[in-house]
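Structure record follows, encoded as structure tokens.
Where a number appears in this text, it was derived from the coordinates with a stated rule and is not lab data. This one's a predicted model, so the numbers in the text were calculated from it and none came from an experiment. Note that each Cβ is placed from the backbone with ideal geometry, even for glycine, and that neighbours are counted across all protein chains shown.
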Amino acid sequence: MKFVTQLLCFVFFSISILSCQQQTEQFVDLDGKVLNKADAASSEVPYLQISDSKSTKGIVVLYPSNDANDSSVSSVFQQMGFAVATLRGDSLKTADVIKAFRLVKAGTNLNLNSDYTSLVGCSDGAKLVALAENNLNESERPDNLILINPSNFEETTFGTVFPVVNPPLGTKTNLLCIADTLVLDQTALIAASEYTKTWIGYDGVAFWKEIGDAEDKGLAEALTSFLNGEMVFPREAENPAAVPVEGYSPQRHAEKVALVKNHKYDLLFVGNSITNNFEKPEYQPIWKKYYGSRNAVNLGFSGYRTENIIWNIENGELENQSPKVIVLEIGTNNIDEKNYPTRHTAGQLAGGIEKIVSLLREKCPEAKIIVLRCFPGCYGGPNPTSHRRILERASDLVSHLADNKHVFYCDVNHVFLNMDGSINHDMLGDWLHPTPAGAEAWAQAMEPLLSELMGDKSHDDQKPQNTAIIPASKLEQDSYDWWVRHHDVLAVKDSLNPEIVLIGNSITHFWGGQYPPLKYADGAARKPNGPNSWEATFGGHRVLNLGFGWDRTQNVLWRLDHGELDGLDPKLVVIHIGTNNTSQTQNARMNTAPEIAEGVKAVCMRVRSKVARAKIVLMQIMPREEMPDNPRRVLINETNKILQQFATENEITLLDISSQMLTPEGILTKEIAGDFCHPTDAGYQIWGDALRPYIDGIVN
């Protein structure tokens, strides 16, 4: 049997050695303690067995399965001039791999040089090292990641259709993925291939090598070629997505140039077939309803990419125009590998869109530009492929173009998706283009921003009665400045690059954290309500606190629609919202239990759409008011019952900590919530303890 099939789960690291030395062997645990051979053999904790060979180029750390013979694997790398270290232990986790790699990379007590490093995994071990690589900070990542016959890359995050294993969003690490067609089934091959394509699409360097020989010669040849630098990754001298190229519809271009030459328009739509489709009969009622009376023109071209739109603009399509608003929808064709000879990366696509925006600003300096997030297109089915994942990365990069003065980023993708992140077939009938129903949903979602920029009234005559799902900015006066906190979030979120995001109201807001800082309306610093529990829960993690005092579900929807999650890639999002929807004020009415639950669902849908790779933990609305028969408590309990059913049906993790917060009689005490609403430090610790398994799961 081939050794790659024998090794069901193993891990490699390679690292350059300071000097050539005779073959030796040493044993160390993951804390760096040197062990003798007998102690290592009886160890109950993971350890490294390191064998040095003379003229070494690096070090390989191997994690074999219990019944595997790893000598053949060792010999391959030793013949290439690498030392071999075996990572041994039962039920190794991602955290163990990370710790082992950091130990080897530091190398001080092991007499190793970490100037050049590689991380290698095979079979299940490939998944483990890929997860480890993605959890390392960029500054400590290896120079190379080598995956041999990666398995289980098709595994998805609970409650979603998105893979558990994802490439890093831009990295110096080079990837080599070797797939033996005699070993991997079709599902595993496709998943590994999509991972590699996504790596390249995220502007990384990656090589895909299929082999199929029983002698393992192909494996050795691929490793040798890669590690000797013989594999060459193609590089363009300039961004092809930003270089003008004439499209294949010259007649339509001539017609549009004639239109804009003879008439000034207030609203321009620029895009591909998704925009072009508004000229089809079945879409005309939507166009007429939302845009016809706004003096609009459709400059959409089926099949066009950014480079074609750039050519159109540079060849007369915006001459004589001074519109109020330009809507830009473009990008999906740049990532299409089925119908075009080349596929662009996320960075290239973002550069092409940036070039278009620059030209729009140059040609129409007074216009407001709405840049739409690339729609979540896929080819052949509802689940995300590398196509969609690259589009989403490009959109995250493009979101930074928004200055909210001239350029506005607009994300309407939630209207096209199911709760698990798959595409809703009723909205995108061919998994790519909106149906008429999808086009109207798009128009409705964009309408608040469009009507604001056009300076007219909303054309949406189908607004829901449920106020909990209609995005709204600040509603209530509080001890802090709502708008300042929103701007503080936008200022800090990207540089923080949070691992964890908390979304909620004052219960979340006043827990703690420095991102953004807690402060009063006059700018003075405010002390958190749960400093000790915050540190015990989140210490060592990058956490973005999107809790805003007095917020209802509709306020959270507004904030999410205005950039607070855009461009982020958290691993965990915790949502606790809804308690303020039980309040009746001069500014907002009290909602019913079904309405509140619908608002919470809408928040979950926004989060799933914006940060698809994240694990979502939804909190049941925490108990408030002292006595269990209080009408507000009753309303919260009714809402929570609906949320329980929603979470079960959609495989969303729902946490209920009510029993820990209440006495056996259902009474909420001041020791847990001093004002019978906001937790004390002791109350927050209950929440923190409940979150602990999910925080630990960020790595493992």
#### Entry: Selection from Val183, Tyr202, Leu654 lying farthest towards where the dipole of the chain points positive, charges on Cβ
Tyr202
#### Entry: Residue-averaged 222 nm ellipticity for the chain, from DSSP H runs of 4+ at -39500 (n - 2.57), nearest 500
-10500 deg cm²/dmol
#### Entry: Residue (of Gly381, Met454, Gly303) at the positive-pole extreme of segment 240-454, dipole from beta-carbon charges
Met454
### Summary
Rounded to the nearest Å, the spacing of the alpha-carbon centers of segment 350-376 and segment 138-187 is 34 Å
### Message
Per-residue counts of other Cβ atoms within 10 Å, averaged by peptide: what ranking do you get for 27-36, 519-528, 320-329, highest first?
### Response
320-329, 27-36, 519-528
### Query
If you take the square roots of the eigenvalues of the alpha-carbon gyration tensor of segment 201-324 and sort them as a ≥ b ≥ c, do you get rounded (a/c under 1.5), prolate (a/b over b/c) or oblate?
prolate
#### Entry: Burial ordering of Cys378, Cys677, fewest other beta-carbon atoms within 10 Å first
Cys677, Cys378
### Residue pairs, from the table Lys33/Lys105; Lys363/Lys405; Lys33/Lys99; Lys127/Lys610, whose Cα atoms sit over 19 Å apart
Lys127/Lys610
### Query
Over 24 Å between Cα atoms, which of Lys324/Lys355; Lys289/Lys355; Lys493/Lys670; Lys288/Lys324; Lys474/Lys519 qualify?
Lys289/Lys355; Lys493/Lys670
#### Entry: Shape call, segment 240-454: gyration tensor on alpha carbons, a/c limit 1.5
rounded
### Task
If a/c stays under 1.5 just call it rounded; otherwise compare a/b with b/c (prolate if a/b is bigger, oblate if not). Do that for segment 373-504, with a ≥ b ≥ c from the square roots of the Cα gyration tensor eigenvalues.
oblate
### Query
Going by how many other Cβ atoms sit within 10 Å of their own, how do Lys641, Lys105, Lys37, Lys197 line up, fewest first?
Lys37, Lys641, Lys105, Lys197
#### Entry: Sorted by Cβ density within 10 Å, fewest first, the residues Met427, Met619
Met427, Met619
### Stokes-Einstein diffusion coefficient of segment 467-696, Kirkwood radius over Cα pairs, 37 °C, 0.692 mPa s, in µm²/s
188 µm²/s
### Query
Any idea what the dipole of the chain comes to, in debye rounded to 20, about its Cα centre with Lys/Arg Cβ at +1 and Asp/Glu Cβ at -1?
1080 debye
## Note on the structure
Out of Thr435, Tyr409, Gly351 - ranked by how far each Cα lies towards the positive end of the dipole of segment 343-468, with unit charges on the beta-carbon of charged residues - the top one is Gly351
### Summary
In the neighbourhood of Ala536 defined by beta carbon distances under 15 Å, the net charge of the other residues (Lys, Arg +1; Asp, Glu -1) is -3
#### Entry: Options (1) 44, 30, 25; (2) 46, 37, 20; (3) 47, 27, 25 - which one matches semi-axes √(5λ) of the Cα gyration tensor in Å as calculated here
(2)
### Task
Would you list, by chain and number, the lysines whose Cα falls below 21 Å from the Cα of Lys338, excluding same-chain residues fewer than 8 positions away?
Lys197, Lys209
### Query
Which cross-chain or sequence-distant (5 or more) residues have an amide H under 5 Å from the amide H of Lys57, H modelled 1.01 Å from N in plane?
Phe82, Ala83
